[in-house]
1. Against the conditions (1) surrounded by fewer than 13 Cβ atoms within 10 Å (Cβ to Cβ); (2) at pLDDT 85 or above, where does S118 fall short? Just the number, please.
2. For the stretch 209-229, which positions are among the small types (G, A, S) and either farther than 11 Å from T177 by Cα or exposed (fewer than 15 other Cβ atoms within 10 Å of the Cβ) (or both)?
3. Are any residues in the stretch 60-74 over 16 Å from N127 (Cβ atoms) and surrounded by 10 or more Cβ atoms within 10 Å (Cβ to Cβ), and if so, which ones?
4. Being at pLDDT 95 or above and charged (D, E, K, R): is that true of E151 here?
5. In the stretch 179-195, which residue that is over 16 Å from A220 (Cα atoms) and of a type outside the set (S, T, N, Q) is surrounded by the most Cβ atoms within 10 Å (Cβ to Cβ)?
6. Does G124 qualify as being more than 23 Å from Q221 (Cα to Cα) and under 14 Å from the mean Cα position of the chain (by Cα)?
7. So, in the stretch 89-100, of the ones that are surrounded by 14 or more Cβ atoms within 10 Å (Cβ to Cβ) and touching a residue at least 40 places away in the same chain (Cβ under 8 Å), which residue ends up nearest to the chain's Cα centre (by Cα)?
Amino acid sequence: MKKIIIILFFLLIFSGSVYAQTLTPSPAQSLITPTKSQEQIDTETLKEKVASKVAELREKNNKAVSGYISEKSDSQVKIKRAGNEEYLVRIDKDLTKFYQIAGTQKKEVNYATFKKDSYILVEGVINEKEVDANALYLDEEFFVASGMVTEVNSDEFYIRVAGNDKENYTLDVETFTKEDMVNIKTLALEKIGFSKIKEGDTIHFIAKQGLEKEPNRFPAQRILIIPQEYFIK
């Protein structure tokens, strides 16, 4: 009886040892990681070459168009130009870059920065009225015109102008407005204050669009005055 018990005891120990060896992986086996097949490597290499070639071709055929955003989605925007001319701009999440212009500098921003009615410049491959965008630039549009001063309001600091293009403009002279006048004797430019501007003077001005308080009323960025005396000397 004792012999039978001893034999069973050793059999249990032996079978447990074999079972443990079967289930426990060796250290070498646990360190093995899957490797990419040659086919996978070739496919990834081909994708990289195609993406590089597409980027090269898009850069080579790069052109530009500008306008105001009229519609925006995750993959495209529509921009409207003067005369209601529209362009469809396609966005590539891997290739398209986004920038904001500030003076002479540009900084990279994200797509969410671009809002409806923003003025933008688009660089990319243009096919009729569609653009595959390489880059979008959030910019400011400036308006340049000239004419004759017809009214100077020193209480509210605005100037009314009869434009050479037959339009009438109202210019708000702000603290940031740069004001210059031509010296009729030396023809040099001199900085002036608002009080130097008179009705009948010729004016050239730069204004920022998109900030109109009312139609044809702009905050003036810069004005250049040619006194009326210059033309009657």
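1. Among (1) surrounded by fewer than 13 Cβ atoms within 10 Å (Cβ to Cβ); (2) at pLDDT 85 or above, S118 violates only (1).
2. G210
3. Step one: list which residues in the stretch 60-74 are over 16 Å from N127 (Cβ atoms), which gives 66-74.
Passing the criteria: S66, G67, Y68, I69, S70, E71, K72.
4. When the stated conditions are applied, E151 passes them.
5. That would be V182.
6. Details: more than 23 Å from Q221 (Cα to Cα): yes; under 14 Å from the mean Cα position of the chain (by Cα): yes.
Considered against the rule, which asks whether it is more than 23 Å from Q221 (Cα to Cα) and under 14 Å from the mean Cα position of the chain (by Cα), G124 comes out as yes.
7. Looking at the filtered set, the residue picked out is F98.
The values are calculated or read from the model by the stated rules, or taken from the named source; none is laboratory data. Just so we're clear, the structure is a prediction, and the values are computed from it rather than from any experiment. Glycine gets a Cβ as well: all are built from the backbone with ideal geometry, and neighbour counts include every protein chain shown.
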